[in-house]
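Single-structure report; data block below.
The values are calculated or read from the model by the stated rules, or taken from the named source; none is laboratory data. Because the structure is a prediction, the values reported are computed rather than measured. Positions of Cβ are backbone-derived with ideal geometry, glycine not excepted, and every protein chain shown enters the neighbour counts. Remember, those area values only see protein heavy atoms, side chains included, never the ligands or the DNA or RNA. Shrake-Rupley method; radii C 1.70, N 1.55, O 1.52, S 1.80 Å.
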Amino acid sequence: MTAAAPIMASTGSEPVAVRTLVVDDSVVVRTVIERILNSDPGFRVLHKTNSAEHALAYLRGEQVDLILLDIELPGQSGLAALPAILAAAPRAKVVILSGNVEEGSAAAVEALALGASDILAKPGSGSFGEQFPQALIERLARLFGPRAVRGEAAPRPQAPQAPAAQPLACLGVGASTGGIHALSRLFQGLDQPLGVPILLTQHLPASFTYYFAQQLARMTDLRICVAEPGDVLQPDTVYVAPGDASIQLRRGLHGRVMILLDPQRTPSGNLPGVDPMFSAMARVFGAGAAGIVLTGMGRDGTAGARDIVAAGGWIVAQDEASSVVWGMPGSVANAGLSCALLEPAAILPFVARRGKAVR
């Protein structure tokens, strides 16, 4: 198995293993997960249990950094117990490890909306093979590895907030790991409609798109639709990138802006991609474009954010403290492209104020 990068739980000056609680109804799965994690020096399984009730009892007296939680459990389901688990362990990352997430289940999307950090498909108890242990370690290593982009300096100080060059004409939002919960917080901060179309790219498989759109509709009174070729952008409508294509734009007759979809992966391998969506906004809306980069692994959004800023638009990034993974927003911040670093609930009020600055 390929060695993963060192993993740290920052509980002091010395790095320590990620303290882990495994909650699964199968004794075989619990044993296998414990063996996999304890074979890596970056993890230490402190406790295993088969029920949410036992997990909550354990958390009343112990602290952990990671909780691997199955959805289907005896008694209270993992999904039903998730809010209480997050409240009992507010500093821990909860990763859903379940056999039905590969199908894009509504339960998995709801778990992400409630605050789960990530979801992983669990193979059958007799089919763990050699690939799953490596995939599990690498996925968790990315969650608990250094959150700032390697080789980059600390985020540049944010530039003074000069008025926007033009009124806001279109808003784009990009997110990945932890993004669904961040989106819930984002829309909670929307006191009144912005009066512009909103384009949204969340890294999710295509099978999740339908349930993701349904979940978004519960978060906001804005109209939610999955983007389709030929859609004419309308104000106060959220256009969700499908899981198998990136949003592109074209200005047609009478200045109307229409959606195009690009099925090609970005150079960094993302589909859908935040970069192509932001770049399209820069081309079509110029200084009227603004972007929001929420929690997520990697750098998707940085190249597109650079295009928006070069066109006279502006970018807001989620702050590190509220991010599950400060990869995407951290990359934008490190590049000096964001005009503000904010927690999600504060972002749309800021956008509303700045977007009307020259009206």
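For every residue, the table says whether it meets (1) assigned to a loop (DSSP other than H, G, I, E, B); (2) among the acidic types (Asp, Glu).
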residue: Phe187; (1), (2): no, no
residue: Gln192; (1), (2): yes, no
residue: Val196; (1), (2): yes, no
residue: Thr201; (1), (2): no, no
residue: Leu204; (1), (2): yes, no
residue: Thr209; (1), (2): no, no
residue: Phe212; (1), (2): no, no
residue: Ala217; (1), (2): no, no
residue: Glu228; (1), (2): yes, yes
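I need the full set of residues from the range 79-91 which are under 18 Å from Leu140 (Cβ atoms) and out of contact with any helix residue (DSSP H, G or I) (no Cβ under 8 Å at 6 or more places or on another chain), in order please.
Listed by number, the list holds a single entry, Arg91.
So that you can scan it fast, the table gives a plain yes or no per residue for (1) crowded, with 24+ Cβ neighbours inside 10 Å; (2) modelled with pLDDT under 95:
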| site | (1), (2) |
| --- | --- |
| Val284 | no, no |
| Ala290 | yes, no |
| Thr295 | yes, no |
| Leu348 | yes, no |
| Arg354 | no, yes |
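Filter the range 297-309 for residues that are on the phi < 0 side of the Ramachandran plot and not in a helix (DSSP H, G or I) and give the result. Lay out the reasoning, then the answer.
Initially, the range 297-309 is screened for residues on the phi < 0 side of the Ramachandran plot, giving 297, 299-300, 302-309.
Within the range 297-309, Met297, Arg299, Asp300 meet the criteria.
Before we move on, is Ser279 assigned to a helix (DSSP H, G or I) and either touching a strand residue (DSSP E or B) at 6+ places or on another chain (Cβ under 6 Å) or of a type in the set (Ser, Thr, Tyr) (or both)?
Numbers: assigned to a helix (DSSP H, G or I): yes; either touching a strand residue (DSSP E or B) at 6+ places or on another chain (Cβ under 6 Å) or of a type in the set (Ser, Thr, Tyr) (or both): yes.
So Ser279 fits the description; yes.
So, in the range 198-219, of the ones that are hydroxyl-bearing (Ser, Thr, Tyr) and under 15 Å from the mean Cα position of the chain (by Cα), which residue ends up modelled with the lowest pLDDT? Walk me through it before giving the result.
First pass over the range 198-219, keeping only residues hydroxyl-bearing (Ser, Thr, Tyr): 201, 207, 209-211.
Retained after the next criterion (residues that are under 15 Å from the mean Cα position of the chain (by Cα)): 201, 209.
Numbers: Thr201: 98, Thr209: 92.
Across the range 198-219, the extreme among qualifying residues is Thr209.
Thr209 - would you say it is among the polar types (S, T, N, Q), buried (at least 16 other Cβ atoms within 10 Å of the Cβ), over 15 Å from Val274 (Cβ atoms) and touching a Pro at 6+ places or on another chain (Cβ under 6 Å)? Give the steps one after another, and end with the answer.
On the way: among the polar types (S, T, N, Q): yes; buried (at least 16 other Cβ atoms within 10 Å of the Cβ): yes; over 15 Å from Val274 (Cβ atoms): yes; touching a Pro at 6+ places or on another chain (Cβ under 6 Å): yes.
Here the answer is yes, as Thr209 does meet what is asked.
Restricting the search to the range 250-274, which residues are at pLDDT 95 or above and open to solvent by less than 30 Å² (accessible area, probe 1.4 Å)?
Val257, Ile259, Pro272, Gly273, Val274
With touching a Leu at 6+ places or on another chain (Cβ under 9 Å) and either open to solvent by less than 40 Å² (accessible area, probe 1.4 Å) or β-branched (Val, Ile, Thr) (or both) as the only criterion, which of Val226, Val240, Val232 stands out? Working first, answer last.
Values: Val226 fails: touching a Leu at 6+ places or on another chain (Cβ under 9 Å); Val232 fails: touching a Leu at 6+ places or on another chain (Cβ under 9 Å).
The match here is Val240.
If I filter the range 62-70 for residues that are modelled with pLDDT of 90 or more and surrounded by fewer than 21 Cβ atoms within 10 Å (Cβ to Cβ), do I get at least one hit? It would help to see each step written out before you state the result.
Step one: list which residues in the range 62-70 are modelled with pLDDT of 90 or more, which gives 62-70.
Okay, now just the ones that are also surrounded by fewer than 21 Cβ atoms within 10 Å (Cβ to Cβ), so 62-63.
Yes.
Quickly run through the range 16-37 and pick out the residues that are closer than 17 Å to Ile85 by Cα and either more than 26 Å from the chain's Cα centre (by Cα) or assigned to a strand (DSSP E or B) (or both). Before you say what the answer is, go through the steps one by one.
Taking the range 16-37 and keeping what is closer than 17 Å to Ile85 by Cα, we get 19-25.
Within the range 16-37, Arg19, Thr20, Leu21, Val22, Val23, Asp25 qualify.
Quick test of your reading of the structure: Gly255 fulfils all but one of (1) more than 19 Å from Val293 (Cβ to Cβ); (2) in contact with a Phe, Trp or Tyr (Cβ under 7 Å, 6 or more places away or on another chain); (3) not basic (Lys, Arg). Name the failing condition by number.
(2)
Those residues that are outside any helix (DSSP H, G or I) and either over 28 Å from the mean Cα position of the chain (by Cα) or not small (Gly, Ala, Ser) (or both), I need them from the range 38-55; list them, please.
Taking the range 38-55 first, the residues outside any helix (DSSP H, G or I) are 39-51.
Scanning the range 38-55 gives Ser39, Asp40, Pro41, Phe43, Arg44, Val45, Leu46, His47, Lys48, Thr49, Asn50.
Looking only at the range 215-236, which residues are among the β-branched types (Val, Ile, Thr) and either free of Cβ contacts under 8 Å to residues at least 12 places away in the same chain or more than 16 Å from Ser184 (Cα to Cα) (or both)?
Here is the first cut: in the range 215-236, the ones among the β-branched types (Val, Ile, Thr) are 220, 224, 226, 232.
Val226, Val232, listed by residue number.
Take the residues of the range 1-34 that are open to solvent by 30 Å² or more (accessible area, probe 1.4 Å) and at pLDDT 95 or above: which is nearest to Ala135 (Cα to Cα)?
Among those that are open to solvent by 30 Å² or more (accessible area, probe 1.4 Å) and at pLDDT 95 or above, it is Glu34.
Scan (1) closer than 24 Å to Arg306 by Cα; (2) in contact with a Ser or Thr (Cβ under 9 Å, 6 or more places away or on another chain); (3) touching a residue at least 40 places away in the same chain (Cβ under 8 Å) for the single condition Phe208 breaks and write down its number.
The number of the failed condition is (1).
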